[in-house]
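The values are calculated or read from the model by the stated rules, or taken from the named source; none is laboratory data. Worth saying up front: this structure is predicted, and the values here are computed from it rather than measured. Positions of Cβ are generated from backbone atoms using ideal geometry, with glycine treated the same way; all protein chains shown enter the neighbour counts. Accessible surface is based on the protein model in full, side chains and every heavy atom, while ligands, DNA and RNA are left aside. Shrake-Rupley method; radii C 1.70, N 1.55, O 1.52, S 1.80 Å.
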Amino acid sequence: KRLDKLADIPKRIGAVRAFMDLPEAEALTAANKRSGNILKKVEGEVSEKIDPALLQEAAEKNLFEELRAVEPAAEALYAEGRFEDMLVTIAALRSPVDAFFETVMVNAEDPALRANRLALLKRLYGVMNAVAEISRLAKYRRSICFFDIDSRARLPHPQTFPKRGHRIGDAGPRRFWI
């Protein structure tokens, strides 16, 4: 999603940092990346409309119910600019998301079933990426750096990539990374 306001960037980064400290973060970022990869491969438009009657597996029914329970609260927190609270709220989806990917075949042979499962993934992906594209954090945990857009001061100091052992370089004025 596009950033609504540049003033939200520090709050979003703080929220992502707090999210990455949660025990659910690693599994959810990996699942989010997997969802994104599945959705990228789909030819044509994926609907966000989910037909509950087409949900067959217990894991997909559970994910749908949990998503329906979490989505309104997450959207309200997002609208209030409470990004950290929103990410903590969606962290509750870890178990149903894990179970979904362990037991459900998204690309089912039945086109209606496949479309319904893709719609479920698209809704999940949208909720999970409202604050920032967390799927990009799957590989680089704790590698967040940003720059104050107004003063050009680096806030905070760049952190080291744990797996590659190098630092994020200066992005220059008016640029940021999450």
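Quick look at the values:
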{"read-out": "Area of S47 that stays accessible when all protein chains are in place (1.4 Å probe, Å², to 10)", "value": "60 Å²"}
{"read-out": "Label-point separation in nm, D51 to N107, each point 7 Å along Cα→Cβ", "value": "2.2 nm"}
{"read-out": "Descending semi-axes in Å of segment 27-68, equivalent ellipsoid built from Cα gyration tensor", "value": "19, 16, 9"}
{"read-out": "Percent breakdown of C-alpha pair distances by 5 Å bin, ordered from the shortest bin, for segment 11-129", "value": "2, 12, 23, 24, 19, 12, 7, 2, 0"}
{"read-out": "³J(HN,Hα), Karplus 6.51/-1.76/1.60, whole Hz, each residue of segment 19-35, x for Gly, Pro", "value": "4, 5, 7, 6, x, 7, 4, 4, 5, 5, 5, 5, 5, 5, 5, 4, 4"}
